[in-house]
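Chemist: Please read through the structure below; I'll follow up with questions.
The values are calculated or read from the model by the stated rules, or taken from the named source; none is laboratory data. In this text the structure is predicted, and so the values were computed from the model without any measurement. Every residue, glycine among them, receives a Cβ derived from its backbone with ideal geometry; neighbour counts consider all protein chains shown. Side chains included, ligands, DNA and RNA excluded: accessible areas come from the protein's heavy atoms. Shrake-Rupley method; radii C 1.70, N 1.55, O 1.52, S 1.80 Å.
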Amino acid sequence: MAYLNDHYLKLQAGYLFPEIARRVREFCDANPEAAKRLIRCGIGDVTEPLPPAVIAAMHHAVDELSVRETFRGYGHEQGLESLRERITEHDYRARGIEIAPDEIFISEGSKSDCGYILDILGDRNRIAITDPVYPVYVDTNVMVGHTGPAGEAGRYEGITYLPCRPANDFVPELPSEQVDIIYLCFPNNPTGAVASREQLSGWVEYAREHESIILFDAAYEAYISDPAIPHSIYEIPGALECAVEFRSFSKNGGFTGVRCGFTVMPKTLMARASDGRKLPLHSLWHRRWSTKANSVSYPVQRGAEAIYTDAGQEQVRQLIDHYMGNARILREAVEGAGLKVYGGVNAPYIWVETPSGLTSWQMFDRMLNELNVVITPGSGFGACGEGFFRISAFNSRENAEEVGRRLAKL
Ligand code: MLT
């Protein structure tokens with residue numbers, strides 16, 4: 001008899017986005033006419049084609065693979081050196097941060113890395129997670145047995161939830177208890193909030209004082225428009241000793257379907273073994289990668305590298321301007337409809353209070369049935385998301401404008 005991983009049985013319902021897709025499918029089957037005018041502003045999936053610089057680089061890489069002289073097999077387990085050099089130069093050195101190329105690990109995306117990282121962290125860490133939150137952080141901890149069962153409001157025993165509400169501008173207060181692993185995501189998915197230098201400094205100070213590790217998800221950093229907001233946790237002095245950073249090419253280069261991102265694992269980041277020794281995590285992470293994977297497809301990495309060329313940067317800028325133009329249209333439409341709105345300024349997500357005391361899922365149904373627009377119910381991101389819904393700005397301009405017009409009818 002083979003046994004399964006019982007921790008999976010603690011997971012509640014399906015993963016949020018497939019669950020939304022299922023409900024939308026049911027609606028479309030029952031309402032074929034309405035289905036024709038359906039606009040999806042639910043999952044944060046890009047809609048615009050890849051930047052031409054990326055396409056050209058990927059084509060070129062495929063051509064290289066097609067002849068013996070330039071063919072390549074397995075690559076470096078941490079990813080192409082030239083890509084890692086570009087990253088350190090552009091994303092870090094240009095901001096005064098010293099990260100070495102061998103502290104960068106290219107992966108198939110930050111979602112995966114947010115789960116994989118648990119391979120090298122111990123079982124007795126106290127995990128702190130913001131609420132609302134990108135569900136991957138919670139579910140991956142449930143899967144490996146870091147939590148008890150879910151209780152009231154879907155919260156799992158053993159996790160410290162850090163409430164994010166309008167009162168704290170959706171940036172959590174420091175916990176009063178000891179927590180060991182802290183997930184932070186800024187610009188935030190789902191609330192669209194950003195954390196100031198002072199707020200992030202508070203977290204770095206907490207982590208250093210408590211020997212905790214911050215897992216910093218910066219997947220949306222390219223959307224920051226306010227020059228005072230840090231793009232990387234490493235802009236905060238001391239963060240190289242207490243933080244891992246996850247980055248993605250999904251939302252800047254439009255790689256949601258291509259899949260590529262990276263993790264920064266500083267060599268100065270330490271954690272304790274059960275016998276009390278303080279050891280660097282870098283060698284464990286390298287061991288994990290070289291054992292379980294062979295990095296990312298060569299053409300994909302060449303495509304990611306092209307993002308860092310002058311042309312690539314300009315094209316990415318245009319993509320971001322496009323999505324943030326949508327965000328402005330949607331934000332104004334929601335405000336015009338008399339609803340309270342947050343986010344959408346330094347992030348492609350608009351976080352809205354539901355009207356007249358509706359629950360998040362009731363609002364989801366209302367938007368679907370009355371406006372034929374798919375949004376994401378805030379409660380899907382955690383108990384503190386109840387009473388909110390998220391609108392994604394990832395769409396064509398035409399669709400964003402049409403959603404704006406429909407919102408006026410709310
Ligand atoms: C979202 O809609 O929250 C994102 O698409 C999630 C992701 O990037 O995996």
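Chemist: Where in the chain lies the longest segment free of GluC sites (Glu not before Pro) that are both loop residues by DSSP (not H, G, I, E, B) and have at most 12 other Cβ atoms within 10 Å?
Modeler: Details: sites that count: Glu69, Glu98, Glu157, Glu173, Glu177.
So the longest stretch without any such site is 178-410.
Chemist: Could you let me know the centre-to-centre spacing of the stretch 26-59 and the stretch 265-288, using Cα atoms, in angstrom?
Modeler: 41 Å
Chemist: Right, something else. Name the chymotrypsin sites (Phe, Trp or Tyr not before Pro) in the stretch 296-346 that are in a loop by DSSP and that have at most 12 other C-beta atoms within 10 Å, would you? Show your work: numbers first, answer last.
Modeler: On the way: sites: Tyr308, Tyr323, Tyr342; in loops: Tyr308.
Filter output for the stretch 296-346: empty list.
Chemist: On to the next question. Send over the Kirkwood Rh of the chain, from the inverse of the averaged 1/r over different Cα pairs, rounded to one decimal Å. Working shown, then result.
Modeler: Values: mean 1/r = 0.0451 Å⁻¹.
Hydrodynamic radius (Kirkwood, Cα pairs) of the chain is 22.2 Å.
Chemist: Where does the chain land at 222 nm, in deg cm²/dmol rounded to the nearest 500, when only DSSP H runs of n ≥ 4 count, each adding -39500 (n - 2.57), divided by all residues?
Modeler: Numbers: 12 runs with 136 residues, N = 410.
About -10000 deg cm²/dmol.
Chemist: Of the residues Asn31, Asn346, Asn125, which exhibits the maximal mean-square fluctuation in a Gaussian network model of the chain defined by a 10 Å Cα contact cut-off?
Modeler: Result: Asn31 has the largest fluctuation of those listed.
Chemist: With a probe of 1.4 Å, find how much accessible area the stretch 186-302 has per residue, and write the answer as a whole number in Å².
Modeler: Details: 4210 Å² over 117 residues.
On a per-residue basis, the stretch 186-302 sits at 36 Å².
Chemist: Still on this model: Per the 1.4 Å probe, what fraction of the accessible area of the chain, in percent, lies on carbon and sulfur atoms? Could the numbers behind the result be given before it?
Modeler: On the way: 9050 of 17830 Å².
Here it works out to 51 percent.
Chemist: If you put +1 on each Lys and Arg Cβ and -1 on each Asp and Glu Cβ, how big is the dipole of the stretch 1-153 around its Cα centre, in Debye rounded to 20?
Modeler: Here the stretch 1-153 has a charge dipole of around 500 debye.
Chemist: Between Glu48 and Ala383, take the C-beta separation as r, use R0 = 45 Å, and let me know the FRET efficiency to the nearest 0.05. Write out the running numbers ahead of the final one.
Modeler: Values: r = 34 Å, r/R0 = 0.76.
FRET efficiency, Glu48 to Ala383: 0.85.
Chemist: With every protein chain kept in place and ligands, DNA and RNA left out, what is the accessible area per residue of the stretch 328-390? Probe 1.4 Å, answer in Å².
Modeler: Result: 33 Å² per residue.
Chemist: To the nearest 20 debye, what charge dipole does the chain have about its Cα centre, counting +1 at the Cβ of each Lys and Arg and -1 at the Cβ of each Asp and Glu?
Modeler: On the way: 41 positive and 54 negative charges, 125 e Å.
Roughly 600 debye, rounded to the nearest 20.
Chemist: Please report the spacing between the Cα centers of the stretch 70-125 and the stretch 126-146 in Å, no decimals.
Modeler: 22 Å
Chemist: What lysines sit close enough to Lys111 to cross-link, taking a C-alpha to C-alpha distance under 18 Å and skipping anything fewer than 8 places away on the same chain?
Modeler: Leaving aside lysines fewer than 8 places away in the same chain, those within reach of Lys111 are Lys251, Lys292.
Chemist: Can you tell me which of Arg247, Arg25, Arg259 moves the most in a GNM of the chain? Springs connect C-alpha atoms under 10 Å apart.
Modeler: Maximum among the listed residues: Arg25.
Chemist: Considering only Pro166, Pro348, Pro227, give the residue with the highest GNM mean-square fluctuation for the chain, with springs between Cα atoms whenever their separation is below 10 Å.
Modeler: Judging by the Gaussian network model, the answer is Pro227.
Chemist: A follow-up question, please. With every atom except the alpha carbons ignored, what do you get for Rg and Dmax of the stretch 300-347, in angstroms?
Modeler: Both quantities, over Cα of the stretch 300-347: 15.2, 46 Å.
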